[in-house]
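Below are the structure tokens for one structure; questions will follow.
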Amino acid sequence: MNDYPLQRILDFVRHVVPFDTLSEDALMSLVAEMEIAYFPTGSEVFAQGSEPPEYLHIIQSGSAKLSLLQDQGEMLVDVRAEGDVLGDTSILQGNKALFSCQAREDLICYLLPAQVFKDLVATNPNFERHFRHSLARNLQAVQASCHEVPSASGGADAASLDAALMGSRVSDLMRPKVLTCLPSTPVRAAARMMTRDRVGAIVVMEYDNTPLGIVTDSDLRARVVAEGADTSRQAADFMSRPLHTISPDTFVFEALVTMSHFGVHHLVVADGGRVVGMVSDQDLQSVTGGSPVTVAREIDKCVSLQELVEHRSKIDRVLEMMLSQGGSAPELLDLVTEYNDRLTRRLIELVQAELLEEGFGGPPVPFVWLAFGSEGRKEQTLSTDQDNGLIYANQPVSRERGVKRWFLHFSERVVDGLELCGFPLCKGNVMASNPAWCQSQDAWQSIFHKWVADPEPKSLRLASIFFDFRGIYVQADFVRTLFEALRQAVEGNRLFLRYMTKNALYNKPPLGFLRQFVVHKDGKHKNKLNLKLSGLTPMVDALRVVALELGLTATNTLDRLDAASDAGIINRQFAADLHEAFSYITLLRISKHLDDRARGELPDNFVDPDQFNSLQRKMLKESFGVISKLQELMEHRYQTRSVA
């Protein structure tokens with residue numbers, strides 16, 4: 001293949017996933033079918049509601065944005081760039097385009113005929129897995145329409161944050177003076193220029209002012225200093241490409257989404273191909289009040305409980321801003337977990353210091369502060385109460401009482417502090433301040449052994465909370481030994497797994513015979529359904545049973561799902577749909593909590609499905625349907641009809 005355009009396409013496409021899995025002959029055959037298209041900045045690639053595209057668009061350079069056009073205006077859904085594709089879902093499903101697609105910057109695409117693409121997906125397992133066209137291909141699109149950028153926390157602060165995100169333009173925040181250098185500039189000289197101007201990046205430009213790439217502080221650390229590179233080499237050897245640009249007219253909210261999507265800290269602001277400024281994540285801190293990293297470090301520096309309490313509002317503000325901008329459910333839950341864990345650890349350190357100062361002394365023996373339930377699974381959202389416990393080193397009978405007394409006093413202080421920081425007390429009293437859940441290492445193992453050996457209703461309910469445990473503040477290896485004790489107790493005990501499965505099947509996804517939502521008929525939550533109890537809990541409970549069977553130490557639901565897929569219990573396509581069902585319901589739940597807070601209400605998990613748009617309702621039904629199939633699989637695998 002010596003024809004220049006075809007060779008150029010071949011060289012590019014052979015590195016695009018999943019085309020990189022094709023043989024050279026198959027790839028050449030595909031490339032021979034392709035065409036090239038150019039879309040200038042601002043032009044429409046395809047319109048929302050249009051017929052399925054005639055071609056799969058593979059982005060060679062530039063970027064495009066997908067938007068959902070609603071009565072309240074345009075909602076950014078996603079940003080696609082080099083190596084991404086456009087139109088795959090619509091082509092494979094044969095449906096009209098759900099979103100509008102527009103070139104954010106000059107866009108060059110390689111076009112593969114739709115029928116060729118469909119044939120490839122139908123006959124090649126790698127393509128079928130990659131281009132899943134059920135839940136896995138729609139989640140990211142739908143989540144934007146769920147959020148609708150709710151207010152962060154109500155009041156003037158929330159209003160000002162929303163106004164800044166959705167009302168401010170990049171031109172309001174950007175730095176108009178951009179430091180530049182030529183490709184041939186020695187990287188040593190480029191670094192000196194950055195130091196002189198006190199900036200974190202320099203744009204590498206050709207003589208005709210065409211931007212080629214960017215060298216950042218991170219590039220200098222990772223590619224020059226860490227590698228011991230020759231600093232006389234030219235800057236072009238170390239720059240990051242492609243260069244991500246944004247229009248000065250773009251809202252700050254879209255800049256946040258773009259940085260998050262590409263994982264970059266700087267965006268070059270370009271107007272008509274001309275560089276007019278730069279915006280960084282530090283510039284955006286003037287809007288958000290801080291970055292996630294900055295807030296996390298500030299938690300570690302708090303010197304009093306009161307300071308932690310006061311810091312909570314700032315944590316919430318950044319959290320809610322990040323949640324509102326979109327992203328995958330695992331990443332959002334990880335962010336919530338990081339803040340909550342840091343706050344809890346710092347509170348524990350402060351309480352220990354207070355007790356020492358007051359003459360109670362330090363911890364008499366090593367201990368671990370345990371998290372249970374959603375906290376133990378790293379699945380806390382903005383509405384969560386306390387589920388915690390404490391495990392301390394085994395003691396002689398003569399010392400046990402005094403040691404436990406110290407830890408109960410300590411736990412009461414920590415639990416009260418967490419309540420002041422915004423974590424309500426557990427209604428079931430599953431807290432370390434309860435003597436039942438402040439125990440020695442041997443006592444905890446005995447408790448778990450008893451629940452497994454004698455599975456009655458109460459112990460099964462407790463197991464569904466306590467078997468999702470992890471250490472937050474760790475002074476000894478008690479968590480590993482407790483996991484090992486649980487594994488040994490459950491190993492080979494098929495009857496216990498059947499009882500746990502029977503318990504896990506109690507809560508059913510709220511879908512009727514004709515796939516209609518089953519809602520509460522009366523009471524406070526009339527015409528509503530519970531996203532947590534009816535949506536997430538069935539999946540969480542089911543995968544806990546699988547984790548016990550496999551002897552996993554993983555507590556996170558999606559980690560357990562991956563392990564079940566690896567073990568062949570759940571096939572990979574079904575696991576992918578379960579992953580997206582969990583993520584979608586989680587994002588709906590987070591959005592509901594944000595809305596509740598914006599109205600000054602206590603967040604709950606009840607939603608009225610009639611308040612969703614048709615796309616959201618469809619996705620919610622699909623999610624519930626997938627979870628129902630998981631329950632059918634569990635019922636068959638563990639033969640629950642054989643137990644009462």
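What helices (runs of 4 or more DSSP H) lie completely within segment 153-263 and have 3 or more residues being at pLDDT below 90 and buried (at least 18 other Cβ atoms within 10 Å of the Cβ)?
Numbers: elements: 155-167, 170-173, 187-197, 252-262.
Hits in segment 153-263: 155-167, 252-262.
Can you tell me which residue within segment 216-232, out of those that are over 28 Å from the mean Cα position of the chain (by Cα) and free of Cβ contacts under 8 Å to residues at least 40 places away in the same chain, is farthest from ASP281 (Cα to Cα)?
ASP230
For segment 573-586, check the following and say yes or no: at least one residue is without any contact (Cβ under 8 Å) to a residue 60 or more places away in the chain and among the acidic types (Asp, Glu).
No.
Within segment 548-558, can you find the residues that are of a type in the set (Val, Ile, Thr) and open to solvent by less than 30 Å² (accessible area, probe 1.4 Å)?
Result: THR555, THR557.
Spot the failing condition for SER398; the list is (1) more than 28 Å from GLY600 (Cβ to Cβ); (2) under 28 Å from the mean Cα position of the chain (by Cα), and only one is missed.
Single failed check for SER398: (2).
What are the residues in segment 301-360 that are at pLDDT below 90, of a type in the set (Gly, Ala, Ser) and in a helix (DSSP H, G or I), if any?
The answer is SER313, SER324, ALA329.
For residues that are aliphatic (A, V, I, L, M) and surrounded by fewer than 23 Cβ atoms within 10 Å (Cβ to Cβ), tally how many sit in segment 369-387.
1
Then there's this: Here are some residues: SER591, SER623, SER628. Which one is small (Gly, Ala, Ser), closer than 13 Å to GLY535 by Cβ and open to solvent by less than 10 Å² (accessible area, probe 1.4 Å)?
Going through SER591, SER623, SER628 in turn, the sole match is SER623.
More than 19 Å from THR553 (Cα to Cα), touching a strand residue (DSSP E or B) at 6+ places or on another chain (Cβ under 6 Å) and not aliphatic (A, V, I, L, M): which single residue out of TRP444, TRP437 fits that description?
Result: TRP437 is the single residue among TRP444, TRP437 that is more than 19 Å from THR553 (Cα to Cα), touching a strand residue (DSSP E or B) at 6+ places or on another chain (Cβ under 6 Å) and not aliphatic (A, V, I, L, M).
A quick yes/no check of all residues on (1) on the phi > 0 side of the Ramachandran plot; (2) more than 29 Å from the chain's Cα centre (by Cα); (3) surrounded by 22 or more Cβ atoms within 10 Å (Cβ to Cβ); (4) modelled with pLDDT of 90 or more:
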site	(1), (2), (3), (4)
VAL479	no, no, no, yes
ASN493	no, yes, no, no
TYR506	no, no, no, no
PRO509	no, no, yes, no
HIS520	no, yes, no, no
VAL546	no, no, yes, yes
ARG560	no, no, yes, yes
ALA563	no, no, no, yes
GLY568	yes, no, no, yes
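Any chance you could count how many residues in segment 469-507 are small (Gly, Ala, Ser), touching a residue at least 12 places away in the same chain (Cβ under 8 Å) and more than 24 Å from ILE627 (Cβ to Cβ)? Step through it out loud before you land on a result.
Step one: filter segment 469-507 for residues small (Gly, Ala, Ser), giving 471, 476, 485, 489, 492, 504.
Now narrow it down to the ones that are touching a residue at least 12 places away in the same chain (Cβ under 8 Å): 471, 476, 485, 489, 504.
Right, trim to more than 24 Å from ILE627 (Cβ to Cβ) and you get 471, 476, 485, 489.
Qualifying residue count, segment 469-507: 4.
Another one. Which of (1) within 23 Å of ALA97 (Cα to Cα); (2) in contact with a helix residue (DSSP H, G or I) (Cβ under 8 Å, 6 or more places away or on another chain) is the odd one out, the single condition LYS621 does not satisfy?
(2)
What about LEU514, is it under 27 Å from ARG617 (Cβ atoms) and at pLDDT below 90?
yes
Also, I was wondering about something else. Among the residues of segment 522-544, count how many are over 16 Å from ASP610 (Cα atoms), under 25 Å from the mean Cα position of the chain (by Cα) and of a type outside the set (Val, Ile, Thr).
Number satisfying all stated conditions: 11.
The values are calculated or read from the model by the stated rules, or taken from the named source; none is laboratory data. Since the model is a prediction, treat every value here as computed from it, not as a measurement. We place every Cβ from the backbone using ideal geometry, glycine too, and count neighbours over all the protein chains shown. Note: areas computed on protein heavy atoms with side chains; ligands, DNA, RNA excluded. Shrake-Rupley method; radii C 1.70, N 1.55, O 1.52, S 1.80 Å.
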